[in-house]
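FYI, it's all coordinate maths here, none of it is from the lab. Model, not experiment: these values are computed from the prediction. Note: ideal-geometry Cβ built from the backbone for every residue, glycine included; neighbour counts use all protein chains shown.
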Amino acid sequence: MARNSRRGFVSLAVATGGLLLAGSPAAANPRPLEAPDTFSASGRERVNKGLVRRAFVRQNTGGSFYEILDEHVMWTVVNGRTYLSKQEFLDEGSAPILTRLATNLHMTVQNLWADDDTVIARFEGTATALDGLPYRNEYCWVLTLRRNAVVRAYAYLDMVAVADLVERVPVPRPSARERD
């Protein structure tokens, strides 16, 4: 190894706090199977994670995750737009997806982290669209909670999957009963 590349390696190792020299993650973490926040989580973090976890269960049993939203939630679809209320988000943000689905959007949580009033949820959403084809998307939501409700959200998702669904499946027409 050339002298300059060793110096660069040492500089990088020092700059990153020696992480390159620390060994495997398992050796550094005595409880590698547990999420780091489980052994130091505050009561608020546990409560907030519980609220979000129950909202996912509600969604997957025929209810709606969105019941946990504050009426004045600010919901931003990253690289999309920001909705300034729960109703605006439900009508213009989620409805274009959900109205094109024949089945409930099943949300499978991959990871759930909490830090103070913030909960980050990474999950997969799957459903069958009205045309019988599958809808699949991966999401990461950064949620800020106050008084047991989500007041701020940043939603990261695969917009290509959404565009495919919207282009492929027309909005269903309301039935005569729904129009009256």
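For the pair ARG173 and GLU88 in one chain, pulling the backbone fully straight at 0.36 nm per residue adds 28.6 nm over the alpha carbon distance.
Using the Cα centre of the range 51-180 as origin and beta-carbon charges of +1 (Lys, Arg) and -1 (Asp, Glu), tell me which of LEU130, VAL166, VAL142 is placed farthest towards the positive end of the dipole. Value computed over the given set: LEU130. If you take all other residues with their beta carbon under 13 Å from the beta carbon of ASP158, and give Lys and Arg +1 and Asp and Glu -1, the sum is -1.
The residues neighbouring ASP131, those whose beta-carbon lies less than 13 Å from its own, together hold a net charge of 0 under the Lys/Arg +1, Asp/Glu -1 convention.
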